[in-house]
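Only one structure is covered here, and it is reproduced in the block below.
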Amino acid sequence: MLKKMSMMAAMMMVAMTSVAQETYENAKIVAEDLNGTARYVGMGGAMEALGADISTISTNPAGIGLFRRSNAEVSFGIVSQSGVNSAVGGDKTNVSFDQAGFVYSARMGKTSFLNVAFNYHKSRNFNMILSASDVLDNASLNKLTYAKALVSGRMLAANQGSLLYGQQPGTPITDSDGNINYVPNYNSPYISCNQLDNIYTPLIYDGMWAYIPASGYQFNRAHKGYVGEYDFNISGNINNRVYLGLTVGIHDVHYKHYSEYVDKALDATFTDITTADSREITGTGYDVKVGAIIRPIESSPFRIGLSVTSPTFYTLTTSNYTYVTDGYNTASSSNTADGRARMSYKFKLFTPWKFGLSAGYTIGNNVALGVSYEFTDYSSMDTRYIGDSYYDSWSDSYYDRSASDKVMNDHTDRTLRSVHTLKLGAEIKPVKNLAVRVGYNYVSPMYRSEGFKDGTLDSDASYISSAADYTNWKDTHRVTCGLGYTINKFNISLAYQYSTTKGEFHPFMNYVDDYSFADDNVARTQTVKNNRHQLLMTLGYTF
């Protein structure tokens, strides 16, 4: 479905003293993988009511309260993406260190324990290669800049209330079809321009009313990095009927990508135009999680789990190096003393609340069954500007003031949606020391099918954007299985996870012109996939 470019009339770009990040980039940071111990992954993560696994520290803190002995575990493995070729510096197979933690359990009474725990796990593994290509019909990435300038020229003419003379921005002209148009305004006070517009304008347009149409495009991007989560927990139980837990988490973000987009020139007199973009996002955040597990019937092993996770309060810094070249000339996003093009800025991001409901049932010591449901409304994600610091006399410290980027948050509300996650898992012990596990996850889409990266928003977050592509990822399916074996105080577990997600890739936002069909800039969507295999091993010791 064609999307019409939204235009913000009579809005001046403000000086960029502080900025916020764009919806699609933020969505990469806040999404989570299924990861942790091999037992947790092998059972599809459906252990929020069963507990007694250290990975529940971040999903239902009360799960730590079910430990009766102290325990330490470490996990690592291999993650591989199928159906892609290694490209632009990215590898489709990577080794991953996924988890390390311990639980100290202390008896406080005949049937009561107080446990403390620490766990690190990789909540997000960014390693992924995204590739797409297609034909284009009188369209190109650089034509999007032309379209913005064209609309701004019309706005300039309308706001001046009279015709201009000469070939100045806003001057009316008549095209070959007899349609009245206006000379584009590249120094637009009416349309929010981003780094790409600022690069394309001097390289391609050079003050002229022109663009270079493409016969097709080729796109490759390599994502790398991770989000590490460090959780500190205190939990316990009351008469083996009620289990309560509190976890404080620290999140450590390390994200980077490098992409190359090539417009293949339609006219042989022009050369292909390559747009290269390198971006890095780093920073930290914190959250608080509370949970409870209840056995409503004393004589039954049936358990109900409840959990609430606060927003993660991130302070992040993002920087990019972006340039465009036609093989002869190169223009970049911003020139520094060392001759390279870079832009760096700091912002805040508050993720949504998360709510969990789970149930678990055991049959003797041989069978464990779990089901978990999680709800998160990503449309309520809060992207925030950072302003001046203020001094707090009580703590003798300086803190950054921040305010919501209402324009970008409104875009987030129109682009993202609530996500429902269903997790199912089972563990069977055919013999005393051997466990067999299976699991399944369904994660509903985070993105609305009609969502798009709007490069015309009157937001600094749009201005600093250095890539025009976006992907509306659909639902995710995960299938897991695993084995566990115990030898005295030692245990070893293996797990396999296959996850698959399809998405609709767009090289740039579509523009449909009201005045002239020739000025349309429309690209078809391409179906892309992220199919991933994970092999995971956990080594544990009970003491």
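Just tell me which aspartates and glutamates come within less than 17 Å, Cα to Cα, of K110; anything on the same chain fewer than 8 places away is out.
List returned: E298.
Report the net charge of residues surrounding Y261, where surrounding means a beta-carbon distance below 14 angstrom and charges are Lys +1, Arg +1, Asp -1, Glu -1.
Numbers: positive: K143, R221, K264, R279, K453; negative: D134, E260, D263, D272, D277, D326, D469.
Combined, the nearby Lys, Arg, Asp and Glu give -2.
In the range 477-543, carbon and sulfur make up what percent of the accessible area (probe 1.4 Å)?
Numbers: 2040 of 3260 Å².
Ligands and nucleic acids excluded, carbon and sulfur give 62 percent.
Cα-Cα over 18 Å: which of K453/K474; K289/K474; K28/K256; K432/K489; K224/K453? Could the numbers behind the result be given before it?
Values: K453/K474 16 Å; K289/K474 28 Å; K28/K256 11 Å; K432/K489 14 Å; K224/K453 22 Å.
Over 18 Å Cα-Cα: K289/K474; K224/K453.
Test of the criteria: in the range 21-112, which GluC sites (Glu not before Pro) are in a DSSP loop and have at most 10 other Cβ atoms within 10 angstrom of their Cβ?
Values: sites: E22, E25, E32, E48, E73; in loops: E22, E32, E48.
Sites meeting the loop and neighbour criteria: none at all.
Taking a ≥ b ≥ c as the square roots of the eigenvalues of the Cα gyration tensor of the range 226-296, is the shape rounded (a/c under 1.5), prolate (a/b larger than b/c) or oblate? It would help to have the intermediate numbers written out before the result.
Values: a/c = 8.90, a/b = 3.83, b/c = 2.32.
Since a/c reaches 1.5 and a/b is larger than b/c, the shape of the range 226-296 is classed as prolate.
Taking the full set of protein chains and a 1.4 angstrom probe, give the accessible area of H420 in square angstrom, rounded to the nearest 10.
70
Could you tally the net charge around L422, taking each other residue with its Cβ under 13 Å from the Cβ of L422, Lys/Arg +1 and Asp/Glu -1? Write out the running numbers ahead of the final one.
Working: positive: K423, R478; negative: E48, E374, D475.
Residues near L422 contribute -1 overall.
Give the separation of the Cα centroids, the range 255-315 to the range 214-229, in Å.
So the two Cα centres are separated by 14 Å.
Skip the ligands, DNA and RNA, and give the accessible area per residue of the range 376-518 with a 1.4 Å probe, whole Å². Spell out each step's value before the answer.
Working: 6680 Å² over 143 residues.
For the range 376-518, the solvent-accessible area averages 47 Å² per residue.
By the gyration tensor of its Cα atoms, with a ≥ b ≥ c the square roots of the eigenvalues, what is the shape of the range 372-514: rounded for a/c under 1.5, prolate for a/b over b/c, or oblate?
Working: a/c = 3.36, a/b = 1.59, b/c = 2.12.
Judged from the Cα gyration tensor, the range 372-514 comes out oblate (a/c at least 1.5, b/c at or above a/b).
Carbon and sulfur together cover what percent of the accessible area of the range 345-464 at a 1.4 Å probe radius?
57
What length, rounded to one decimal in nm, is gained on full extension from D91 through to K432, with 0.36 nm per residue of separation minus their alpha-carbon distance?
Values: separation 341, 0.36 × 341 = 122.76 nm, distance 4.08 nm.
Extra length available between D91 and K432 comes to 118.7 nm.
The values are calculated or read from the model by the stated rules, or taken from the named source; none is laboratory data. Note that this is a predicted model, so its numbers are computed, not measured. When we count neighbours, we look across all protein chains shown, and the Cβ atoms used for this are built from the backbone with ideal geometry, even at glycine. To get the accessible areas, we keep the full protein, side chains included, count just its heavy atoms, and leave off ligands, DNA and RNA. Shrake-Rupley method; radii C 1.70, N 1.55, O 1.52, S 1.80 Å.
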